Structure formats: C-alpha cells, structure tokens
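The values are calculated or read from the model by the stated rules, or taken from the named source; none is laboratory data. All of these numbers come straight from a predicted model, not from anything done at the bench. FYI the Cβ positions are ideal-geometry reconstructions off the backbone, even for glycines, and counts take in every protein chain you see. Keep in mind that these areas ignore ligands, DNA and RNA; they rest on the heavy atoms of the full protein, side chains included. Shrake-Rupley method; radii C 1.70, N 1.55, O 1.52, S 1.80 Å.
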Amino acid sequence: MKTELRFGNRIDAYRDDMLRDLAELVAIPSVCGKPEGNLPYGAKSAEALDCILRMAERMGFSTCNVGHYAGHAEYGEGDEIAAVLAHVDVVPVGSGWDSDPFTLTQKGGLLFGRGVADDKGEAIAALYALKALKDAGVTGKRRLRVIFGAGEEVGMEDLPHYFKQEPLPDYAFTPDAEYGICNREKGIMRVRVNGPASPAIQRFVGGSVVNAVPENAEVTLHCSLEEAQALSQSKLPGTFTFEVSEKGIEITSKGVAVHAMQPEKGFNAISHVVALLGSVLPEEELGSLLTFLLRSVGCETDGASLGIRCEDEPSGALTCNLGLIHMDENGAEASFDIRYPVTADGKKIMDTFRKAAEDTGLAFAVVEEEAPLYLPAESPFIHLLQDSYTAVTGQPCELYATGGGTYARAVSGRGVAFGPLFPDEPDRGLHNANEHIDLNRYMEHARICLEAMYRMMTEDIQ
C-alpha cells in the first residue's frame, strides 16, 4: 500500500538532539540587514546559515554555501536531485513578547521563540530527517538535499542566486505553509509610490517589513490647537496616543501585525492613522501621498477603491497591504504588498494601480513581482506527498491555495508547499509576538517530512 508507513517514525529517536540544535539556531537573531561586505543579508543572517551548515558537516554531510545567499546539505547519489527548501532568516521581533524571542522557551507542551515555526524548526527537522536516512544507510534513485535560504523574509532573492550556481531540483517541497499541499500560490507584486513632502507632516514612519500588516506608526505634525483637539477626540477606529510638544502633536498608532497574505485578519496601524488625519486636516495640508492613501486605499484590504479587486475559484480574492510608510521634509514614500489570484492578469493590476497613483501626482514603481504558481492535482509528485501525509496521520491530504509566497516558486514548477502547520492548529504567532509550536505536532510534522524524504529518495516518480 502506498499509504503504509515506511520510515517516518525513525525521526523520534532524534527528538532531544533536534531541540538542542533548534535552541542554538533560535539564539541567533537572524533578521536580515543591509549588506556587509560579501554578506548580502548582513552578519546575523549569515551566522545562522553558517550555524546550520556546521551542524550538517558534523553529521557527515557534504555542504555548500553559495555566497551566504543559501546553502545545502546533501546525501546520496544519482543524477536527479530531490530537495527540501527551508530558511533560517526571520522577521523582526516586534513588541508584546512574554519571553525572550531569541531563547527557545518551553511552556508546557509549547516551544516559544522567533523562527520556531517560520522556519528554523522546519530547517532542523529536515536536516535530522536527512541524518536519519544517512544513519540507516538508505540508498535510492536520486540525491537528496536540504537547501537553506538566508533571505526568504526580504524578497526571496536568495534561492535565485543559489540556483545560478547549483542545479534546480527535479522535485522539491518547502515546509513553510500548512498541510495539506499548496499547489496554487497567488501572484505577488510589491510596489512603491513616492511624492513630495507634506506641508503638515514633519515625520511619519510605520511598519517594519512590507509583507506584514504594520503594528506601529508614529506621526509628528504641525497643526492648530483646534485641529489637535479634534484629532485627540476622534471616535474613529484605532488605538492612538497623543502628545503635544513644541514641534506640534505626536500621534502613535497601534495595530495588530499578521502576514500580508491575510491582511484582513490584522489591524493596520498606518492606514487607520491616515484615516484619522484625513478626518481633520484638509488635503492641501496632507499632501499628495496621504491624499492618495485616503482616496484610493483607505483601510481596505481588497484593493476595491484602487480598482484592482478581483478573485477566482482556485485561489480566492486579491489582497492589498499597505506595509510601510516614510515621510519627512525630504519626501514621502509608501510600499504595498499585493497578492493576486492565479488566473488574474498581473499586468492589468499593475497598470491600474499605476494610473491611480500617477493621477494623484505620485511616482509609481514595481519593486518585485512573482508570477503565480499552479501545479496540477494529477502530478505523481503530489500523490507521493499525499501518501506520505496519510501514512503518518491516517488522514487524507487535501490540496489548497494560498496568498503566501514560498520557495516553491523558485524551482520553476517542480515544487509545492507542504506543511508544517496542521489544519486544526490555532494561530502560532508567525510574524507576530510569541511565535510558538506545539512540540507534539512538531514531531508529527517531522515524521511526515522524513516519510516524504524517504519516498522522494527511493521511489520512481513519473
């Protein structure tokens, strides 16, 4: 039977070692920074990549580090390559943690720490699955790699750099989403609009990364006493604090951060404070950027006022997240993360957004675009992963679509997202405070990962 468990349970013997190494990896604050010499994502991201490759070398694997963009550990022989794609960089910490985010902390059956769920825990699980295969002397039809990226959270340019030097795998999955199997990923477009300085705004900063709903925004502005009073007495939705100073009035806006693929589940600190400003200040004081945000974006997450709202049956609705803003006396800039349906016309969406921005006097630029991913359900590789999941869990493995962007896009239609979170799991705090995993579910994921890797290495896939 294809759904008979063949190898996955062998990962259980490595549980304590996995947690030890996960603690070491979590302790590295591997938020990507500015390039430093030959380190494209800064020192901490490079340190995390070096750390996990050293672990792999201690296990006896051949390793490769491609310019600190990404690296791999490899086992086996053959012309074909199967791969698991994980990443060791993390998003910024943010506020609201109940424990040190860079200390692996166990509370009951839960493990807390930045990266435990996204994606250091999965990187460690895949590495130990490779070790389990090696320790058992498994041989197969193809080489098996675990590829570790170092810049997934800042645009996923790491794997394209890696694949300039290394061959694309023939089959791959990335444990950086949910179970069952994501064979449909929305297109991703990141755009930026720029305009002149605002007469009223001295300083306006908000957000930390474009692919998350911003949880903080701060505004310092010139205004009259009457305007300051009207702002502070507003009943508009939002959590605001006000402080009057010699410079004017300072407003702090608090939101709820979630991943940009589901912006409707968060609360945007930037867009709501823009709505507050627009309820009191005239457009000539706000300037062209804030006027555009008021008229064409608002607090929406579906792009309706921009004229780009759309949806399809395979993948759902377009989402639009205002993720970053920076304004001072030198100018104004805002950045957006758009996830569009797999059957939608990305160029039409781009052109519509561009016209709306330029009609308000703003400059428009596409910073990044990734085409949608759509793999047929009949693929033999998808059946292999479904059988692996069922062998461990006893449950069917469904197909689904996501607005998230994963490494599956980097392998030119040869891969999908597969795990690690189960359909019945609660929010694990990905891209938010108190990120955590359930230890029992984590080990269940590790069994599925090992079972799939065993089959990827040993089975005919045609």
Problem set entry | Looking only at segment 148-166, and only at residues there that are assigned to a loop (DSSP other than H, G, I, E, B) and modelled with pLDDT under 95, the one that is most open to solvent (accessible area, probe 1.4 Å) | Glu157
Problem set entry | Of all residues making up segment 277-331, the number that are assigned to a strand (DSSP E or B), without any contact (Cβ under 8 Å) to a residue 60 or more places away in the chain and surrounded by fewer than 20 Cβ atoms within 10 Å (Cβ to Cβ) | 3
For this session: Within segment 409-429, work out how many residues are open to solvent by less than 40 Å² (accessible area, probe 1.4 Å) and assigned to a loop (DSSP other than H, G, I, E, B).
Result: 5
For this session: Give just the number: which of (1) modelled with pLDDT under 95; (2) in a strand (DSSP E or B) does Ser95 not satisfy?
Result: (2)
Exercise. Residues Ile461, Ile437: which one is modelled with pLDDT of 95 or more and of a type in the set (A, V, I, L, M, F, W, C)?
Worked result: Ile437
Exercise. Hey, any hits in segment 388-395 for a residue that's touching a helix residue (DSSP H, G or I) at 6+ places or on another chain (Cβ under 8 Å) and without any contact (Cβ under 8 Å) to a residue 24 or more places away in the chain?
Worked result: yes
Exercise. Somewhere in segment 227-239, is a residue over 21 Å from the mean Cα position of the chain (by Cα), closer than 29 Å to Thr402 by Cβ and either free of Cβ contacts under 8 Å to residues at least 12 places away in the same chain or open to solvent by less than 10 Å² (accessible area, probe 1.4 Å) (or both)?
Worked result: no
Exercise. All but one of (1) under 18 Å from Leu159 (Cα atoms); (2) in contact (Cβ under 8 Å) with a residue 12 or more places away in the chain hold for Asn9; which doesn't?
Worked result: (1)
For this session: Could you tell me whether Phe204 is open to solvent by 10 Å² or more (accessible area, probe 1.4 Å), part of a strand (DSSP E or B) and of a type outside the set (Ser, Thr, Tyr)?
Result: no
Exercise. Of all residues in segment 174-193, which are in a strand (DSSP E or B), open to solvent by 10 Å² or more (accessible area, probe 1.4 Å) and either within 30 Å of Leu293 (Cβ to Cβ) or at pLDDT 95 or above (or both)?
Worked result: Arg190, Arg192
For this session: State all residues of segment 303-320 that are touching a Ser or Thr at 6+ places or on another chain (Cβ under 7 Å) and within 19 Å of Glu185 (Cα to Cα); if no residue qualifies, say none.
Result: Ile308, Asp312, Pro314, Thr319, Cys320
Problem set entry | Only listed residue being closer than 30 Å to Cys299 by Cβ and touching a residue at least 60 places away in the same chain (Cβ under 8 Å), chosen from Val146, Val193, Val138, Val116 | Val193
Seminar exercise, completed: In segment 47-59, anything open to solvent by less than 60 Å² (accessible area, probe 1.4 Å) and either more than 23 Å from the chain's Cα centre (by Cα) or of a type in the set (S, T, N, Q) (or both) is listed as Met55, Ala56, Met59
Exercise. Looking only at segment 398-408, which residues are at pLDDT 90 or above and surrounded by 22 or more Cβ atoms within 10 Å (Cβ to Cβ)?
Worked result: Tyr407, Ala408
For this session: Can you give me the number of residues within segment 264-274 that are part of a helix (DSSP H, G or I), in contact with a Gly (Cβ under 8 Å, 6 or more places away or on another chain) and within 23 Å of Arg339 (Cα to Cα)?
Result: 4
Seminar exercise, completed: Per the list (1) open to solvent by less than 50 Å² (accessible area, probe 1.4 Å); (2) among the hydroxyl-bearing types (Ser, Thr, Tyr); (3) more than 21 Å from Ala446 (Cβ to Cβ), residue check on Ser62 breaks on (1)
For this session: Would you check which residues across segment 28-46 are within 15 Å of Glu152 (Cα to Cα), open to solvent by 10 Å² or more (accessible area, probe 1.4 Å) and assigned to a helix (DSSP H, G or I) and list them?
Result: Lys44
Exercise. Restricting attention to segment 369-376, does a residue exist that is under 22 Å from Asn268 (Cα atoms), crowded, with 18+ Cβ neighbours inside 10 Å and among the charged types (D, E, K, R)?
Worked result: no
Exercise. Out of segment 332-345, which residues are open to solvent by 40 Å² or more (accessible area, probe 1.4 Å) and either closer than 19 Å to Val209 by Cα or under 18 Å from the mean Cα position of the chain (by Cα) (or both)?
Worked result: Glu333
For this session: Look through Gly76, Gly71 and report the one residue that is touching a residue at least 60 places away in the same chain (Cβ under 8 Å), touching a strand residue (DSSP E or B) at 6+ places or on another chain (Cβ under 6 Å), under 22 Å from Lys141 (Cβ atoms) and small (Gly, Ala, Ser).
Result: Gly76
